[in-house]
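Quick notes on the structure that follows.
The values are calculated or read from the model by the stated rules, or taken from the named source; none is laboratory data. Model, not experiment: these values are computed from the prediction. Methodologically, a virtual Cβ is constructed for each residue, glycine included, from the backbone with ideal geometry; neighbour enumeration extends over all protein chains shown.
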Amino acid sequence: DFIKNEIKTFSSGLTAVGNPYWLTSKEKRLENPGASIAIAFKTEKERRQAVSNRLFIAGISCKVENLLNTPRDQLCRNCNQTGHETTRCKRQPRCALCNKRTHQLAIELNIDLILVQEPWISNSKNPKDKRSINHPSFGQLLPAHSPDLRSRTLVYFARNLKGSQINYREDLFQSPDLMVLDLVLKDKTLQIINLYNQKPQDGPSTSLTLEREQGYAPLRPYSIIAGDFNLHHPWWDP
C-alpha cells in the first residue's frame, strides 16, 4: 500500500492497481540499492503517462519502463538463462551447450587462439552452414575435408587480433583431424598445428592421424603442435 499511496499522492492522475511486486531478489537488493518493481496502472493512458514521466516514491525520482512479458522458459541468447530478454541481458555470456563461460574466460585472459578437438558441430546438410558454438568476440575456422566426414578439429580466433595475421593452410591437408595455421607476426611466422590423433571415420584402416599424414612438410623453425594425441610418452606424461 505504501507504493500505491506514494503514486496517488505525488503523481497526479495516476492510480496503481493490484499488488506491486519486486523484480529484483532480496539478496540482490541488499547488495545493490538500485532495484526494480512491477506496477500495474488502471488504464493504458496512465501507463503511457508514467513511462513518459517519472514516479516519485519515498522521495526518489524513479525511471519507468514498460515491462516485457518474457516467457519464463524462454532462453536468453547471451547467458542462456530464462526470465529476461536477450537485449536486456547484463550477465556474462555462457555456452548454450555446457552453460559455462569458457569463451568469456578466454577474453578475460586475452587469449587470441583456442585449439579444439572433438568439437560440437551443428548438423547441417550444407557444409558451409556447419558451425560450432558462436561468440561475438571469436571467429571460427573449420578444417577443409570431404562433406561426408565430421570435423574433429576447430580453431577459434579473436576478432580483435592485432599486429598479426592468420592463414589457414588448407593447401597442405584435406583432413577433418588436422589443421595447420601460419600466424604471421612482424618479423617471423609461427606455425600452429591442431591435431586430433585418431582412427579415420571411414574405411577399415586402424592407423592414427599421425601415421596417415606422414607426408607433411618439415616443421618451421617456430612451430607449436597441440591437440588430443591419444598417446602417452614417459617424457611428456611422467
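Within the option set Ala38, Ala50, being small (Gly, Ala, Ser), assigned to a helix (DSSP H, G or I) and on the phi < 0 side of the Ramachandran plot holds for one residue only, Ala50.
Within segment 155-181, take every residue that is small (Gly, Ala, Ser) and crowded, with 17+ Cβ neighbours inside 10 Å and give me the one that is nearest to Ile121 (Cα to Cα).
In this case the residue turns out to be Ser175.
Sub-7 Å Cβ pairs linking a first residue in segment 173-201 that is more than 10 Å from Tyr222 (Cβ to Cβ) and not assigned by the TED database to the domain that holds Ser146 to a second residue that is of a type outside the set (Lys, Arg) and buried (at least 17 other Cβ atoms within 10 Å of the Cβ), at least 6 apart or interchain, number zero.
Of all residues in segment 55-78, those being closer than 28 Å to Lys4 by Cβ and modelled with pLDDT of 80 or more number 13. Cβ-Cβ distances below 6 Å connect the following pairs, each with a first residue in segment 135-154 that is surrounded by fewer than 17 Cβ atoms within 10 Å (Cβ to Cβ), a second residue that is part of a strand (DSSP E or B) and not basic (Lys, Arg), and a separation of six or more residues or different chains: Gly139/Phe157.
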